[in-house]
Amino acid sequence: QVRLVESGGGLVQAGGSLRLTCSASGSFFSINLLGWYRQAPGKQRELVAHITRDGDTNYADSVKGRFTISRDNAKNMVYLQMNRLKPEDTAVYYCYNNLLGVVSWGQGTQVTVSS
């Protein structure tokens, strides 16, 4: 079982930046594909970005060029640097870990972008 704790959300004006942090606790072999999903009110949860243990990344088209995901394997941390934020980025952001289809979720952190 992997426990995930997010931090770094908040309120920011459009065009601003935020950095989300997720701390993962568990055995070395259980922390695998780390990433972020988000869920806006009335919408389905959607993938934002994920990163493999080797550093390969994947981004949603809507955030490419604005968001950057990174991880520190030694510290079991994953980060999401969000730049040029837009009101449509407003959502609860969830950290997740996927180990061979077994997914663990954090409790979520609210990101609100005002226009």
Can you pull the percent of the range 1-96's accessible area that's carbon plus sulfur, 1.4 Å probe, other chains left in place? 47 percent
Placed amide H near Lys86: partners under 5 Å, 5+ positions off or other chain: Gly15
Total charge of the residues flanking Leu4 in space, meaning their Cβ is under 14 Å from its Cβ, with Lys and Arg +1 and Asp and Glu -1, is +2
Any idea what the relative contact order of the range 54-93 is, in percent, if you count C-alpha pairs under 8 Å spaced at least 6 apart? 31 percent
Hey, rough spin-label estimate for Ser114 and Asp72, points 7 angstrom out along Cα→Cβ, what's it come to in nanometres? 3.1 nm
For the range 1-45, the Cα convex hull volume per residue in Å³ comes to 111 Å³
Using a Cα-Cα cut-off of under 30 Å, which lysines could be cross-linked to Lys43, ignoring same-chain neighbours fewer than 8 residues away? Lys64, Lys86
Quickly work out the Gln81-to-Arg45 label distance, labels modelled 7 Å from Cα along the C-beta direction, and quote it in nm with one decimal. 2.7 nm
Relative contact order, percent, the chain [alpha-carbon distance under 8 Å, six or more residues apart]: 37 percent
Here the Kirkwood hydrodynamic radius of the range 16-115, Cα-based and in Å, equals 13.7 Å
Along the range 67-77, what does the Karplus equation 6.51 cos²θ - 1.76 cosθ + 1.60 (θ = phi - 60°) give for ³J(HN,Hα), rounded to whole Hz, x for Gly and Pro? 10, 9, 9, 8, 8, 10, 5, 5, 9, 6, 10
Gain upon complete extension [Ser25, Gln13; 0.36 nm per residue less C-alpha separation]: 1.1 nm
For the chain, give the magnitude of the charge dipole about the Cα centre (Cβ charges: +1 Lys/Arg, -1 Asp/Glu; no others), in debye to the nearest 20. 120 debye
For the range 33-46, just list the computed ³J(HN,Hα) in residue order, Karplus coefficients 6.51, -1.76 and 1.60, θ = phi - 60°, integers in Hz, with x standing in for Gly and Pro. 7, 10, x, 10, 10, 9, 9, 8, x, x, 10, 6, 5, 10
Whole-Hz Karplus ³J(HN,Hα) for the range 6-20, in order, using 6.51 cos²θ - 1.76 cosθ + 1.60 and θ = phi - 60°, x for Gly and Pro? 9, 7, x, x, x, 9, 9, 7, 3, x, x, 10, 9, 10, 8
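The values are calculated or read from the model by the stated rules, or taken from the named source; none is laboratory data. Note that the coordinates shown come from a computational prediction; the quantities given were computed from them, not determined experimentally. As a convention, Cβ positions derive from the backbone with ideal geometry for all residues, glycine included, and neighbour counts pool all protein chains shown. Protein only, heavy atoms only, side chains kept; ligands, DNA and RNA dropped before computing areas. Shrake-Rupley method; radii C 1.70, N 1.55, O 1.52, S 1.80 Å.
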